[in-house]
1. Quick check: is even one residue across segment 264-282 out of contact with any strand residue (DSSP E or B) (no Cβ under 9 Å at 6 or more places or on another chain), in a helix (DSSP H, G or I) and surrounded by fewer than 18 Cβ atoms within 10 Å (Cβ to Cβ)?
2. Could you check segment 1-113 for helices (runs of 4 or more DSSP H) lying wholly inside it with 1 or more residues that are at pLDDT below 70 and either in contact with a strand residue (DSSP E or B) (Cβ under 8 Å, 6 or more places away or on another chain) or within 30 Å of residue 183 (Cβ to Cβ) (or both)?
3. Kindly indicate whether any position in segment 98-114 is within 25 Å of residue 261 (Cβ to Cβ), surrounded by fewer than 20 Cβ atoms within 10 Å (Cβ to Cβ), without any contact (Cβ under 8 Å) to a residue 60 or more places away in the chain and out of contact with any helix residue (DSSP H, G or I) (no Cβ under 9 Å at 6 or more places or on another chain).
4. For the structure I just gave you, tell me whether residue 322 is within 28 Å of residue 167 (Cα to Cα), modelled with pLDDT under 95 and surrounded by 21 or more Cβ atoms within 10 Å (Cβ to Cβ).
5. Scan 273, 244, 252 and give me the residue that is at pLDDT below 95 and touching a helix residue (DSSP H, G or I) at 6+ places or on another chain (Cβ under 7 Å).
6. Which of the residues belonging to segment 195-235 are modelled with pLDDT of 90 or more, surrounded by 14 or more Cβ atoms within 10 Å (Cβ to Cβ) and not in a loop (DSSP other than H, G, I, E, B)?
7. Just one of the numbered conditions (1) in a loop (DSSP other than H, G, I, E, B); (2) farther than 25 Å from residue 89 by Cβ is not true of residue 313; which one?
């Protein structure tokens, strides 16, 4: 990878696959715009979409307003939604989650934490919410095309809702060059001043490590060599695992710092991040819980095939996968 490699290039490369952060279907800007505009309105009757609640083991209609209302008293302060970046139905689900919680708790402070912005972008996000800059300027100042890289308009309705309702947006992510440097050289080779700014990192989470190995295609059957040629005992494997963990820990730290400030003791955060950071709870969710001593509620939209108006899956998801698995159509089926 060259010095000009963008974060999106990294995610779409074999290195991105190693991190378990694949991008899915890449669409031209015009097509993704058209896709989003087709689904931003109310859900049509009979549309193939359903929520599986892993606690009760039952499918529920995709109506987060009513579902949240029933469990609001016991809902954790951190609600984390995992997306496939290129699926507009996942962004519609995210917007519905935000709208529902904002409507149900109008007096409760709500903040939206986004993987899509760096922590260092906070002044620009504040300026946008406070109507000092517009969406175009936010795109420019955050250098979105290189710092995140996916079609900006896919997230525009969420950003606009936050601005219209004065819901703060919190930048969560670690600057990509730092993650890239860790993947190439390892944490120990970073300058001391950079290491000092890194979050506390748990590199011994067995479930997280096993999921990471699975994403690399590592197994006993292939002798511990993954589908990208990495051996589990190689320095390259260790570096990429450090990079994957840094991404999760940094975002978890960003959200936790907000929640643990005394003035935010009653606040709720909705975190929006890629599905790989949320699935299995061992990415961002458990790392927030470790820091704040509270559980998180996780929602994982999943694009799947449908058969007779039911999601075509081999088995219902387990409790440790997510609280809600929100089944939608795949983005490839929307084109």
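1. No, the conditions are met nowhere in segment 264-282.
2. Details: elements: 7-12, 14-18, 29-39, 64-71, 88-104.
Result: 7-12, 14-18, 29-39.
3. Yes, that holds for at least one residue.
4. Working: within 28 Å of residue 167 (Cα to Cα): yes; modelled with pLDDT under 95: no; surrounded by 21 or more Cβ atoms within 10 Å (Cβ to Cβ): yes.
Spelling it out, it is not the case that residue 322 is within 28 Å of residue 167 (Cα to Cα), modelled with pLDDT under 95 and surrounded by 21 or more Cβ atoms within 10 Å (Cβ to Cβ).
5. On the way: 273 fails: at pLDDT below 95; 252 fails: at pLDDT below 95.
From the options 273, 244, 252, the qualifying one is 244.
6. Scanning segment 195-235 gives 208, 209.
7. It fails just one condition, (2).
Listed here are the residues, each with its yes/no results for (1) farther than 12 Å from residue 51 by Cα; (2) exposed (fewer than 12 other Cβ atoms within 10 Å of the Cβ); (3) in contact (Cβ under 8 Å) with a residue 40 or more places away in the chain.
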position	(1), (2), (3)
311	no, no, yes
314	yes, yes, no
326	no, no, yes
332	yes, no, yes
335	yes, yes, yes
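The values are calculated or read from the model by the stated rules, or taken from the named source; none is laboratory data. Values in this document were obtained by computation on a predicted structure and should not be read as measured data. Cβ: placed from backbone, ideal geometry, glycine included. Neighbour counts: every protein chain shown.
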